[in-house]
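Colleague: Quick one: this structure, given as structure tokens, is what I'll be asking you about.
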Amino acid sequence: MIYLFLILSHIMLLNEPASEEGVHNLILNKLDSIETVSYEYNRFLDYKSSSTYEELTGIVFLDFGSNNKFGFPNYYIDNSNLVLVYNGSERFDIDKSSKTMQIFPNPDYNFLESFSFFYNSLLTVKRGFPNLVNKNIPFSLDVKEFDNTKAYVFSFELVDQYLDNFGEVHNLSGKGKIRYNFYFSYNDLLPLGIETSNFQNDTSITKFDNIVFNSTDSSKFEWFYSSYLDDYQIIDNFEKEIKLGDILPLPFKLLNTNTGDTISIQKGQVTLVHFWISNCSYSIESFNYIRSYFNQGLMKESDLSFYSINPYEEASVINSFSSRQNLDFPVYKDLSNISEEIGLNKFPFFLLLGPNGNVLYFGSWDEKRIFSLIR
């Protein structure tokens, strides 16, 4: 593989020869020119390591011209079960089946970025492609069929790193290699989709269908929750904004889904809690590095208690997932609604408690910080 700006020679674009720099700039300019876009999002997860297969579909509208403090696009997403909206100041989620609505005022960046519909999305392409070019990530280029469409495919590997949903490059919590394929239409360079695979042969394919750039009228969408009050009931969103130093009301009851035993998280030890759900790709990935820490004995220190908890799914689903993953540590179902107590809203999520139930750390995995607090 050689760097992207060296491999784009002799490409024919719109039946005319183009220079390397010309094609390169056309791709970047195409992505940079997107102010609004609507498309059909189709994601297929096939995780052979855990025998997990999942599909997610929906209609997505993104407004990149909106101004908010994160530079994050306003979005409107609709599928058979949900309507999901972020208008620059608040996010609200509508559940069509239960006729309910949750409202999240002033959501932070992580709460927006970790959203499932943005995993390997058009947002990832728009932000990620320029980032990868600027970092001189080695690419290879080919022409292939993608979803029955002739496409340029840009392939690259990230070692011990990954692209987040916003297209930023981060270090993996553990060791691993992820291969990415970005697909663009051969004729007009529109992004068509992303394909990823890891060292365990877990694959993800997302497809962007019926793309419309810079012509969808955002006024046809309802952007404020007040427009839905006649049809949907507001429910508690559990946004308690947990803080460092908070004292949680231990004990918390848990169900060991393998043995059927009920246990409790008690005071008296430093406790690390791992929250996850089975259909979240980042949750599945988190088990890889947790397993490695167990193998190194880092999770078995005498003064540390560790619990891996699924807060929402049925015990049968949790137990089946554990069996497929061949986990050598127990997983639990939450019986005390811990998620409500801490305002859980993303996965995976880690919570470190001191001996008195005091919050020492919460959020995504941060190896250095967490283990420095444990020791």
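The values are calculated or read from the model by the stated rules, or taken from the named source; none is laboratory data. This one's a predicted model, so the numbers in the text were calculated from it and none came from an experiment. For neighbour counting, all protein chains shown are included, and Cβ atoms are generated from backbone atoms with ideal geometry for every residue, glycine included.
Colleague: Please determine, by comparing only the residues of segment 183-204 that are in contact with a Gly (Cβ under 9 Å, 6 or more places away or on another chain) and modelled with pLDDT under 95, which one is surrounded by the most Cβ atoms within 10 Å (Cβ to Cβ).
Modeller: Among residues in segment 183-204 that are in contact with a Gly (Cβ under 9 Å, 6 or more places away or on another chain) and modelled with pLDDT under 95, the one surrounded by the most Cβ atoms within 10 Å (Cβ to Cβ) is 198.
Colleague: Can you pull out the residues in segment 321-364 that are modelled with pLDDT under 85 and at positive phi?
Modeller: Hits for segment 321-364 are 326, 337, 343, 363.
Colleague: Given the condition in the same structural domain as residue 115 (by TED's automatic domain parsing), under 30 Å from residue 311 (Cα atoms), surrounded by 15 or more Cβ atoms within 10 Å (Cβ to Cβ) and aliphatic (A, V, I, L, M), answer yes or no: does some residue in segment 238-246 qualify? Break it down stepwise before answering.
Modeller: Applying the first criterion (in the same structural domain as residue 115 (by TED's automatic domain parsing)) to segment 238-246 yields none.
For segment 238-246, residues in the same structural domain as residue 115 (by TED's automatic domain parsing), under 30 Å from residue 311 (Cα atoms), surrounded by 15 or more Cβ atoms within 10 Å (Cβ to Cβ) and aliphatic (A, V, I, L, M): absent.
Colleague: On to the next question. If we keep just the residues of segment 188-229 that are among the aliphatic types (A, V, I, L, M) and within 17 Å of the chain's Cα centre (by Cα), which is farthest from residue 48 (Cα to Cα)? Lay out the reasoning, then the answer.
Modeller: Initial filter on segment 188-229 (among the aliphatic types (A, V, I, L, M)): 189-190, 192, 194, 205, 211-212, 229.
Among the residues that remain, those that are also within 17 Å of the chain's Cα centre (by Cα) are: 194, 205.
Working: 194: 19, 205: 14 Å.
The qualifying residue farthest from residue 48 (Cα to Cα) is 194.
Colleague: Any residue in segment 279-292 that is exposed (fewer than 13 other Cβ atoms within 10 Å of the Cβ) and either among the polar types (S, T, N, Q) or at pLDDT below 80 (or both)? Walk me through how you get there before you give the answer.
Modeller: Initially, segment 279-292 is screened for residues exposed (fewer than 13 other Cβ atoms within 10 Å of the Cβ), giving none.
Within segment 279-292 (the criterion being exposed (fewer than 13 other Cβ atoms within 10 Å of the Cβ) and either among the polar types (S, T, N, Q) or at pLDDT below 80 (or both)), the answer is no, since none of the residues qualifies.
Colleague: Also, quick follow-up: Are any residues in segment 205-246 modelled with pLDDT under 85, assigned to a loop (DSSP other than H, G, I, E, B) and of a type outside the set (Phe, Trp, Tyr), and if so, which ones?
Modeller: 215, 216, 217, 235, 236, 237, 239, 240, 241, 242, 243
Colleague: Under the condition of being charged (D, E, K, R) and touching a helix residue (DSSP H, G or I) at 6+ places or on another chain (Cβ under 8 Å), which residue from segment 84-107 is surrounded by the fewest Cβ atoms within 10 Å (Cβ to Cβ)?
Modeller: Across segment 84-107, the extreme among qualifying residues is 90.
Colleague: Tally time: how many residues in segment 205-228 are farther than 30 Å from residue 279 by Cβ and either crowded, with 20+ Cβ neighbours inside 10 Å or among the basic types (Lys, Arg) (or both)?
Modeller: The number of residues fulfilling the criteria is 1.
Colleague: Does segment 300-317 contain any residue that is over 28 Å from residue 113 (Cβ atoms) and in a strand (DSSP E or B)? Let's see the steps before the verdict.
Modeller: First pass over segment 300-317, keeping only residues over 28 Å from residue 113 (Cβ atoms): 300-305, 314-316.
Now restrict to residues that are in a strand (DSSP E or B): 304-305.
There is at least one residue in segment 300-317 that is over 28 Å from residue 113 (Cβ atoms) and in a strand (DSSP E or B).
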